[in-house]
Amino acid sequence: LLHERRRELHARALGAMERLYADRLTDHVDALARHALGGERWDKAVDYLRGAGARAYRRGTLRKALDRYEQALALLPRLSAIDDDVRRGIDVRIDLHPPLFSLGQIPRLTRLHEEAAGLAQRLGDETRLGRVLSRLGLYAFTDAEYARGIEHAQHALDIADRAGDLELRL
């Protein structure tokens with residue numbers, strides 16, 4: 001098939017699956033991601049790849065989870081600069097924590113979360129910024145950068161107090 005026709009068919013299959021499985025999307029997240037990619041629906045592809053990564057991680061398939069999150073990360077430059085897409089970019093970076101932390105890739109996590117912190121600050125999204133800073137504190141402690149870790153953790157705690165976010169506070 002010509003590229004344009006194949007893209008159109010994938011997009012139509014994606015729409016049909018979303019309607020057919022509306023109440024069970026997580027059960028079909030890998031196929032949805034595949035069709036979103038083929039249909040060049042980049043925002044949906046990122047969302048479904050994140051879902052596929054989370055599902056794979058819950059099932060204990062670390063490499064598959066990492067692969068799905070990496071695919072989502074690679075798609076971020078194709079997204080627009082609208083706030084929702086910037087939030088997607090933050091969330092993908094946050095999602096990479098479990099598999100990369102399990103693999104001991106702290107320097108990479110630090111870089112990804114520093115990028116996410118910059119994006120969250122630009123958006124004024126304190127909830128996401130607090131989550132990112134709390135992780136940056138953990139990474140700093142892991143690298144024996146205690147003063148920096150305390151600074152990140154204190155900033156996250158300040159955000160949690162302002163927002164009344166008990167989970168972040170913990």
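Please treat every number below as a calculation from the coordinates, not as lab data. Given the structure is predicted, the values throughout are model-derived calculations rather than measurements. In this analysis, Cβ positions are derived from the backbone assuming ideal geometry, glycine residues included, and neighbour counts consider all displayed protein chains.
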Ignoring the sites themselves, what is the longest stretch of the chain with no trypsin sites (Lys or Arg not before Pro) in a DSSP loop and at most 10 other beta-carbon atoms within 10 Å? 60-170
Would you kindly derive the ³J(HN,Hα) couplings of region 91-106 from the backbone phi angles with the Karplus curve 6.51 cos²θ - 1.76 cosθ + 1.60 (θ = phi - 60°), listing them in order in whole Hz, with x for Gly and Pro? 5, 4, 5, 5, 4, 6, 4, x, x, 6, 5, 4, 8, x, 8, 5
Kindly provide log₁₀ I(q)/I(0) values, in the same order as q = 0.19 Å⁻¹, from the Debye equation applied to equal alpha-carbon scatterers of region 1-97. -0.89
Report ³J(HN,Hα) in whole Hz for each residue of region 3-9, in order, from the Karplus equation J = 6.51 cos²θ - 1.76 cosθ + 1.60 where θ = phi - 60°; Gly and Pro get x. 3, 4, 5, 4, 4, 4, 5
Per the C-alpha gyration tensor (a ≥ b ≥ c, the square roots of its eigenvalues), region 89-167 is rounded if a/c is under 1.5, else prolate if a/b beats b/c, else oblate; here it's oblate
Ellipsoid equivalent to the chain - semi-axes via the Cα gyration tensor, in Å: 33, 17, 15
Taking a crude spin-label model, label points 7 Å out from Cα along the C-beta direction, the residue 19 to residue 111 distance in nm is 4.4 nm
For the chain, calculated [θ]222 nm from helices alone, where every DSSP H run of n ≥ 4 adds -39500 (n - 2.57): -25500 deg cm²/dmol
